[in-house]
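Single-structure report; data block below.
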Amino acid sequence: MWLIVLFDLPTETSQQRKEYTKFRTHLLKNGFTMMQYSVYIRHSASEENTEAHINRVRSVLPPRGEVRMLRLTDKQYGKMEVFYGEKRVPTEKAALQLQFF
């Protein structure tokens, strides 16, 4: 399962920039990778693990701005199409999951 965090946070004042930086740093420290500006993504092994990451993000939501979280299955993520201007690049492969028996 993939968790995508999309956000639009104000950066007009010094305090708002600090809040933006704190939020972004929290995402990076918790295993998220920047997919695009203000779009971060993280793979989780299970629905429970995804819920734990959602709760962590909720715990550091900035007081202003907008944050959205989207869950995608590996199958849905694999159907994503990515275009870079006139040059087309294949979509990254989904992360391999470890299974313990």
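Residues in region 82-95 that are over 14 Å from residue 36 (Cβ atoms) and of a type in the set (D, E, K, R) were compared, and the one that is modelled with the highest pLDDT is 86.
Taking the criterion of being more than 21 Å from residue 80 (Cα to Cα) and either of a type in the set (A, V, I, L, M) or assigned to a strand (DSSP E or B) (or both), the residues of region 2-11 that qualify are 8, 9. In this structure, is residue 43 closer than 28 Å to residue 83 by Cα and under 11 Å from the mean Cα position of the chain (by Cα)? Taking the combined requirement at face value, the residue satisfies it. When the residues of region 12-34 are filtered to those that are surrounded by 15 or more Cβ atoms within 10 Å (Cβ to Cβ) and more than 17 Å from residue 53 (Cα to Cα), the one that is farthest from the chain's Cα centre (by Cα) is 16.
The values are calculated or read from the model by the stated rules, or taken from the named source; none is laboratory data. In this text, all values refer to a predicted model and were calculated from it rather than measured experimentally. No Cβ is skipped: glycine too gets one built from the backbone with ideal geometry, and neighbour counts run over all protein chains shown.
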